[in-house]
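Input: a single structure, listed below in structure tokens.
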Amino acid sequence: MNIEFQNPEYFWLLLALPLLLLLRGRTGRASAVQFSSVAVVKQLGATAKSRAGWFLMAFRMLALAAFSVALARPQVPKAHSEEIDASGIDIVLVLDMSYSMASVDLSLNNDVVTRLDAAKKVMHDFILKRPDDRIGLVAFGTSPYLVSPITLNHDWLLENLDRLQLKLIDGGSTAIGTALGMAENRLRDLDSKSRVIILLTDGDNNAGNISPIAAAEAAKSYNIKLFSIGVGKPDPEPIPLMDDNGKLLKDRYGRVQFATDGFGRRIMEEGINSDDLQKIAEKTGGQFYRATDEDQLKKIYAEIDEQEKSSAHLRHYSTYEELFYWPALAGLLFIGVEQILAHTRLRRLP
């Protein structure tokens, strides 16, 4: 365990302990009982002064030493403090979590995966490939939610990405424009040469008070480049049923169950508004992509991965666990023992 001290200057107090030992016995209190000759009490005090006095003094010295250590504030670092130069662009990933992202049209063979599962997997790999980039994450359905601010702590970012599940937020609608507005707010004040938003969605904007076109105009004014990805097959797909935890409902044979209307017909999703997604990307100098399977999605993120890089000077701050209370408690214990002995077994006569 690597222990550090926040105020090591208090260790100078330890130098006073030998001085206190030297001064002990130089002067003393006036005698309460006077004798004409010390020969009378010569043998009486021989043992007491050499044992009892030094024994109590030892506890006082230990207490003072413990308090000195406590004042020096011993700490155990949980993370190292350092400054680094990170080369990368500032990126915000914007992920659609509307209920239609439960569609399983990206599944291959018997490996049943939802659009959201495929998107999370590819985004996970994308983040791992860009360790020097500051990346944030916004998820949206009816409203946008900041999953992670822009950060270099990618372990924490990936943990939050992995925790995302359908029905974690209201996915009854798709607020693309409002989600883009939140992402732009995270990027616009950053001092960087290249700022990018990567939007992944499978639907059309039908909620929120900001249109995707208006959001794209704002992004252009902030010099933010927008890449839009429409995920899913071109034809409308049936919407699977989910439990309260956002997991697919299956029958006893392992087949996915789909939502139906009052006549037993499957309810189909609305589909992607490719025109709007292409317009908002082109307006900012970005590009629109269409992914109909997981391999295409991987290639799209790989292509975006080749974008311009910039430099940013960043500082990592350390966190510490304080340990001062242990030597402080030890000092109080020594003082307590010394006082108990001084008033009981080792009590001195006046």
Exercise. Considering only protein heavy atoms and a 1.4 Å probe, what is the carbon-and-sulfur percentage of the accessible area of the range 95-244?
Worked result: 46 percent
For this session: Label the range 107-151 by shape, choosing from rounded, prolate and oblate, from the square roots a ≥ b ≥ c of the eigenvalues of the Cα gyration tensor; if a/c is under 1.5 it is rounded, and otherwise prolate applies when a/b is larger than b/c, oblate when it is not.
Result: oblate
Exercise. When the chain is fully extended, how far beyond the present Cα-Cα distance does D243 get from R345, taking 0.36 nm per residue of separation?
Worked result: 29.5 nm
Problem set entry | For I239, residues with placed amide H under 5 Å, excluding near neighbours | A259, I267, E269
Exercise. Hey, which lysines would be in cross-link range of K250, C-alpha to C-alpha under 26 Å, not counting anything within fewer than 8 residues on its own chain?
Worked result: K120, K121, K167, K233
Exercise. Given R₀ = 30 Å, FRET efficiency for K283-K250 by Cβ-Cβ distance, to 0.05?
Worked result: 0.10
Seminar exercise, completed: With every protein chain in place, the accessible area of R163 for a 1.4 Å probe, in Å² rounded to the nearest 10, comes to 140 Å²
For this session: Would you please give the residues with an amide H less than 5 Å from that of L199, counting only those at least 5 places away or on a separate chain, with H modeled from the backbone geometry?
Result: V94, F227, S228, I229
Problem set entry | Virtual spin-label span in nm between R265 and L190, 7 Å along Cα→Cβ | 4.7 nm
Seminar exercise, completed: Expected vector for the range 217-222, Karplus 3J(HN,Hα) from phi with 6.51, -1.76, 1.60 and θ = phi - 60°, integer Hz, x for Gly and Pro, equals 4, 5, 4, 4, 5, 8
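The values are calculated or read from the model by the stated rules, or taken from the named source; none is laboratory data. Fair warning: this is a prediction, and the values are worked out from it, not measured in the lab. Ideal geometry is used to build each Cβ from the backbone, glycine not excepted, and the neighbour counts take in all protein chains shown. The accessibility values were calculated without ligands, DNA or RNA, using every heavy atom of the protein model including side chains. Shrake-Rupley method; radii C 1.70, N 1.55, O 1.52, S 1.80 Å.
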